[in-house]
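Worksheet: the structure to be examined is printed underneath.
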Amino acid sequence: MNLFDVYPLYDVTPVSAKGIVVTDDKGQEYLDFYGGHAVISIGHAHPHYVKRLKDQLDKIGFYSNAVQNPLQVQLANKLGVLSSCEDYNLFLCNSGAEANENALKMASFQTGKSRIIAFKNGFHGRTSAAVAATDNLAINAPLNKQQKVTIIPLNDIDSFRIEIEKGDVCGVIIEAIQGVGGLDEPTTSFYQEIAQCCKAHNVVLIADEVQSGFGRSGKFFGFQHHNITPAVISIAKGMGNGFPVGGVLIHKSIEAKYGMLGTTFGGNHLACVATMAVLEVLEKDNLIANAKTLGDYFNKKAAEIPQVKRVKGRGLMLGLEFDFEVSELRKKLIYNQKLFTGGAKDKHVLRILPALNITKAHIDTFFNALKLEL
């Protein structure tokens, strides 16, 4: 049997990793400034994270959601406090796509309506409604295109008002910082206006924090830069530091009912412990503040390079925009300079998504390497 060939692959085979250093099967070390799509939040093989998982595996790794799991309650409490989202309830699942799928489902349950508003260059996952709300026709099958989704330009409040006032919208899904799309952001005024419109028209506002959440933007959640209160928040990626885990924060004003949502693997013992370990390290090592500080430092260093048109994003969710497509630059960085970076739908943007515990020295190394390839 062969693998289903859906990924173009770099000729690198990692076999171990620690911190932001990834080592391949030939013993070559690489610095990881991409974190596997922003998944590695506290560094590869963080000792506290590894110990927590090992200790839990010696006890119990999994049982179904048909029985009590106190770790879920502990996680919900810890997450509520650290994120300042104590007015929400937590549903645990396995991935960002599943989190967004459940978020969209909640919007439809809550309102009795079925149309979604999403935004150009947004990415919300590859499952049924989530991929329909994703602005990429190449990954939408005919089955997905049956969903009622309207995609409008980001920050176009006039188009937004026209659509939401039609009265059939159940939910609006928006990223505080577009990940795959290329690090574009809603303005504060736009985010606040759509939040007000959602409230006025009985529409559920979904903050997709799958990539920007868990401190990456310099605040726990990206929407917190804009002083709004979404009804639903989707989370994944960095929350498990590589362990597959996702979740949905649902405002307490939305009533839960038995059978409304469900999952086999979501909220298993290992997933809870992985996420708890991430939260503990974020808190102990003050990594959210570090993300903001190093984001500011990154911007300062980028200003020294004339080929960089602008820096996009916040904290350690960043993009460097050039006046050329960056695919060849990415290859040079990985093969010549031994640095992992990321691309975006906007082919002129180089994405930088390292662990939140990197240092100024790491950023200096990155920019020295970048200068050699420009």
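Counting lysine pairs in the stretch 171-319 whose alpha carbons fall under 28 angstrom apart, excluding pairs fewer than 8 residues apart on the same chain, gives 29. Each of 83, 49, 68 was scored by the projection of its Cα onto the charge dipole of the stretch 43-99, and the greatest displacement toward the positive side belongs to 49; charges sit on the C-beta of Lys, Arg, Asp and Glu. Charging the Cβ of each Asp and Glu at -1 and of each Lys and Arg at +1, and nothing else, the dipole of the chain about its Cα centre rounds to 220 debye.
Please give the length that would be gained between residue 280 and residue 37 if that part of the chain were fully extended, namely 0.36 nm times their separation in residues minus their C-alpha to C-alpha distance (nm, one decimal). Spell out each step's value before the answer.
Working: separation 243, 0.36 × 243 = 87.48 nm, distance 2.17 nm.
That works out to 85.3 nm of additional length.
Checking the a/c ratio against 1.5 first, then a/b against b/c, what shape does the Cα gyration tensor give for the chain? It is oblate, given that a/c is not under 1.5 and a/b is not larger than b/c. Estimated from helices alone, the mean residue ellipticity of the chain at 222 nm is -10500 deg cm²/dmol (sum of -39500 (n - 2.57) over DSSP H runs with n ≥ 4, per residue).
Rolling a 1.4 angstrom probe over the chain with all protein chains present gives an accessible area of which 52% lies on carbon and sulfur atoms.
Net charge near residue 164: determine it from the other residues with C-beta under 15 Å of the C-beta of residue 164, scoring Lys and Arg +1 and Asp and Glu -1.
0
If R0 equals 56 Å, the separation of the Cβ atoms of residue 296 and residue 1 corresponds to a calculated FRET efficiency of about 0.70.
Does the stretch 34-96 come out rounded, prolate or oblate by the C-alpha gyration tensor, with a ≥ b ≥ c the root eigenvalues, rounded set by a/c under 1.5 and, if not, prolate when a/b is larger than b/c and oblate if not? Let's see the in-between values first.
Details: a/c = 1.69, a/b = 1.11, b/c = 1.53.
Oblate is the answer for the stretch 34-96, as a/c is 1.5 or above yet b/c matches or exceeds a/b.
Counting other Cβ atoms within 10 Å, keep those with at most 13, restrict to DSSP loop, and tell me which chymotrypsin sites (Phe, Trp or Tyr not before Pro) in the stretch 32-102 are left. Write down the numbers at each step before the final one.
Working: sites: 33, 34, 49, 62, 63, 88, 91; in loops: 33, 34, 62, 63.
Those satisfying the criteria are 62, 63.
The stretch 175-225 and the stretch 28-68 have their alpha-carbon centroids 27 Å apart. Counted residue by residue at 0.36 nm each, then reduced by the alpha carbon distance between them, the extension gain from residue 84 to residue 59 reaches 5.9 nm. Mind giving me the FRET efficiency for residue 24 and residue 307? R0 is 25 Å, r the Cβ-Cβ distance, nearest 0.05 is fine. Calculated value: 0.30. What chymotrypsin sites (Phe, Trp or Tyr not before Pro) does the stretch 304-374 have in DSSP loop regions with at most 13 other beta carbons within 10 Å? Taking the stretch 304-374 and a limit of 13 other Cβ atoms within 10 Å, the loop chymotrypsin sites (Phe, Trp or Tyr not before Pro) found are 324.
Do any GluC sites (Glu not before Pro) in the stretch 146-224 lie in a loop, going by DSSP, with at most 14 other beta-carbon atoms within 10 Å of their beta carbon, and if so which? Display every interim value, and only then the final one.
Details: sites: 163, 165, 175, 193, 209; in loops: 165, 209.
Hits after loop and neighbour filter: 165.
Summing charges over neighbours of residue 38, with a neighbour being any other residue whose Cβ is under 10 Å away from its Cβ, gives +3 when K and R count +1 and D and E count -1.
The values are calculated or read from the model by the stated rules, or taken from the named source; none is laboratory data. The structure displayed is predicted, hence computed values, not measured ones. Cβ atoms come from the backbone with ideal geometry, glycine included; neighbour counts cover every protein chain shown. Just the protein is used for accessible areas: all its heavy atoms, side chains included, with ligands, DNA and RNA removed. Shrake-Rupley method; radii C 1.70, N 1.55, O 1.52, S 1.80 Å.
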